[in-house]
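Below: the structure, in structure tokens.
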Amino acid sequence: MKPGLEHFFIQLDTDRIRFTQLIPPKSEAHELADELFNFLFPVHCHHPRPARVQYAILRDDLEQLLRPLLHDKNGAAVKLANAFFDRLPEVRESLLDDAEAILKFDPAATCLEEVIATYPGFYAISMYRIAHELHRLGTPLLPRVFSEYVHGKTGIDIHPAASIGHSFFIDHGTGVVIGATAVIGNNVKIYQGVTLGALQVDKSLADVKRHPTIEDNCILYANSTILGGKTVIGHDSIIGGNSWLTASVPPNSVVLHQPQVKVRTKLVEEPWNFVI
């Protein structure tokens, strides 16, 4: 054995002791995430189990994932799993409001079933609301595993700690980023590429509000970027595509980014096959 390998093995064994916070198995966590979604909206289940049976199975699966994460002190896993499932009826009602908002405002949506079964924005919102409840109850790491799973599937990155009101609509969604301390009101519509981010990335700001507040009835069009914990977008405002904001705007505002666009005819004798 090479001398360097022995030191390498010692480092790995040391890390196994040093890393006291376990990470939930990704495959099991991902499966639970999808099963929770299908439990709330069984549109993909041709022969679903009775709700009471599925409830018991999922509650037990969650409890098993939580036991090592919580070191199962004083039955903490059972208490947290029960508290989470007690909240599921309200989570489902909130998600139905989200689905109705998408159906109402997207001309391409033909029925509620289509929104639930096929819209990546709705799936991302659903998993956010599930992960947010787990986060609110103090669950370590599992909410982030859920959110990163959805991020990989949809391109939509919503931190479980963000606060989002009812009737939320993400259209298309790819590239949407919503930070941990973002606050979003009711009836807000967000298009692809929108970022609700921080002005500074500094570990000392971990407990400070770093991300913006979006008040009720706002529309944020594609690729708009809004940064800063003190930045507030007033209610009923419209933020146009490609806008960059680091300061607040009052209610009922319209913010537009207007680049200079030139149109030339191809009849002009200029080379068009550029080499870069």
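What follows is calculated from the coordinates using simple rules that are stated; it is not laboratory data. Since we're looking at a predicted model, the values are computed, not measured. So basically every Cβ, Gly included, is an ideal-geometry build from the backbone, and we count neighbours across all protein chains shown.
Just the number, please: percent antiparallel of the DSSP beta bridges in the chain, rounded to the nearest 5. Walk me through the numbers on the way to the answer.
Working: 0 of 24 bridges.
The antiparallel proportion sits near 0 percent.
Of Asn242, Gly197, Asn223, which is farthest on the positive side of the dipole of the range 162-257, counting Cα position, with +1 on Lys and Arg Cβ, -1 on Asp and Glu Cβ, and the Cα centre as origin?
It is Gly197.
Count the lysine pairs in the chain whose Cα atoms lie under 24 Å apart, taking only pairs 8 or more positions apart in sequence or on different chains.
9
Run the simple label-point estimate for Thr246 and Leu199 please: 7 Å along Cα→C-beta, distance reported in nm.
0.7
Using only helices, what value at 222 nm comes out for the chain when you add -39,500 (n - 2.57) per DSSP H run of length 4 or more and divide by the total residues, to the nearest 500 deg cm²/dmol? Please report the intermediate quantities before stating the final value.
Numbers: 7 runs with 118 residues, N = 276.
Using -39500 (n - 2.57) per qualifying helix, the result is -14500 deg cm²/dmol.
Treating only the Cβ of Lys, Arg, Asp and Glu as charged (+1, +1, -1, -1), what charge dipole size does the range 162-257 show about its Cα centre? Round to the nearest 20 debye.
On the way: 5 positive and 6 negative charges, 41 e Å.
It comes to approximately 200 debye.
What full-extension length gain, to one decimal in nm, is calculated for Leu112 and Ala76 as 0.36 nm per residue of separation minus the Cα-Cα distance?
9.2 nm
Could you identify which residue out of Ser253, Ser224, Ser147 has the top mean-square fluctuation in a GNM of the chain using Cα springs shorter than 10 Å?
Greatest mean-square fluctuation among the candidates belongs to Ser253.
Which whole-number percent gives the relative contact order of the range 24-155, counting Cα pairs below 8 Å spaced six or more residues apart? Write out the running numbers ahead of the final one.
Working: 101 pairs, mean separation 38.4, N = 132.
Over the range 24-155, the number comes to 29 percent.
Quick one: dipole size for the range 24-155, taken about the Cα centre, charges +1 on Lys/Arg Cβ and -1 on Asp/Glu Cβ, in debye to the nearest 20. Can you show the working numbers first?
Working: 14 positive and 19 negative charges, 85 e Å.
Dipole magnitude for the range 24-155 comes out near 400 debye.
Just need the relative contact order of the chain here, percent rounded to a whole number, with Cα pairs under 8 Å and 6+ apart. Before the final figure, lay out the partial values.
On the way: 489 pairs, mean separation 28.3, N = 276.
Relative CO of the chain lands at 10 percent.
Longest exposed-loop-site-free stretch of the chain, with trypsin sites (Lys or Arg not before Pro), DSSP loop and at most 10 other Cβ within 10 Å? Let's see the in-between values first.
Values: sites that count: Lys262, Arg264, Lys266.
With a cap of 10 other Cβ atoms within 10 Å, the longest stretch comes to 1-261.
In a Gaussian network model over the chain where Cα atoms closer than 10 Å are linked, find which of Ala81, Ala51, Ala124 has the largest mean-square fluctuation.
For the chain, modelled as a Gaussian network with Cα springs under 10 Å, the answer is Ala51.
Out of [x] 1.04; [y] 1.07; [z] 0.98, which label holds the value of Rg/Rh (Cα atoms, Kirkwood Rh) that was computed here?
[y]
Using 0.36 nm per residue, how much length does the chain from Glu93 to Lys230 gain when fully extended, once their Cα-Cα distance is taken away?
Details: separation 137, 0.36 × 137 = 49.32 nm, distance 3.10 nm.
Full extension of this stretch gives 46.2 nm more.
Answer with one residue from Ile164, Phe9, Val183: the one whose Cα lies farthest towards the positive end of the charge dipole of the chain, charges on Cβ with Lys, Arg +1 and Asp, Glu -1.
Phe9
Would you tally the net charge around Ile130, using a Cβ to Cβ cut-off of less than 13 Å, leaving Ile130 out, and scoring K and R as +1, D and E as -1? If you can, show how the numbers build up before the last one.
Values: positive: Arg87, Arg92, Arg129, Arg136, Arg144; negative: Asp34, Glu35, Glu90, Asp98, Glu133.
Net charge in that neighbourhood comes out at 0.
Explain nothing, just compute: Karplus ³J(HN,Hα) = 6.51 cos²θ - 1.76 cosθ + 1.60, θ = phi - 60°, for every residue of the range 130-135 in order, whole Hz, x for Gly and Pro.
Running phi through 6.51 cos²θ - 1.76 cosθ + 1.60 with θ = phi - 60° gives 5, 5, 4, 5, 5, 4 Hz.
Once you have a ≥ b ≥ c as the square roots of the Cα gyration tensor eigenvalues for the range 162-257, tell me rounded if a/c is under 1.5, and otherwise prolate or oblate according to whether a/b is larger than b/c.
Values: a/c = 1.42, a/b = 1.39, b/c = 1.02.
It is rounded, given that a/c, with a ≥ b ≥ c, falls under 1.5.
Sorting Thr110, Thr139, Thr195 on the 10 Å Cβ count, fewest up front, what's the list?
Working: Thr110 10, Thr139 25, Thr195 21.
In increasing order of surrounding Cβ atoms, one gets Thr110, Thr195, Thr139.
Need the full-extension length gain, Tyr55 to Asp13, defined as separation in residues times 0.36 nm minus the C-alpha distance. One decimal, nm. Don't skip to the answer; put the middle values down first.
Working: separation 42, 0.36 × 42 = 15.12 nm, distance 3.91 nm.
Stretched out fully, the Tyr55 to Asp13 stretch lengthens by 11.2 nm.
Test of understanding: in a Gaussian network model of the chain with alpha carbons linked when under 10 Å, which of Gln258, Gln54, Gln64 would top the mean-square fluctuation ranking?
Sorting by GNM fluctuation, first place goes to Gln258.
Once you charge only the Cβ atoms, +1 for Lys and Arg and -1 for Asp and Glu, what is the size of the charge dipole of the range 86-233 about its Cα centre, to the nearest 20 debye? It would help to have the intermediate numbers written out before the result.
On the way: 12 positive and 17 negative charges, 107 e Å.
Here the range 86-233 has a charge dipole of around 520 debye.
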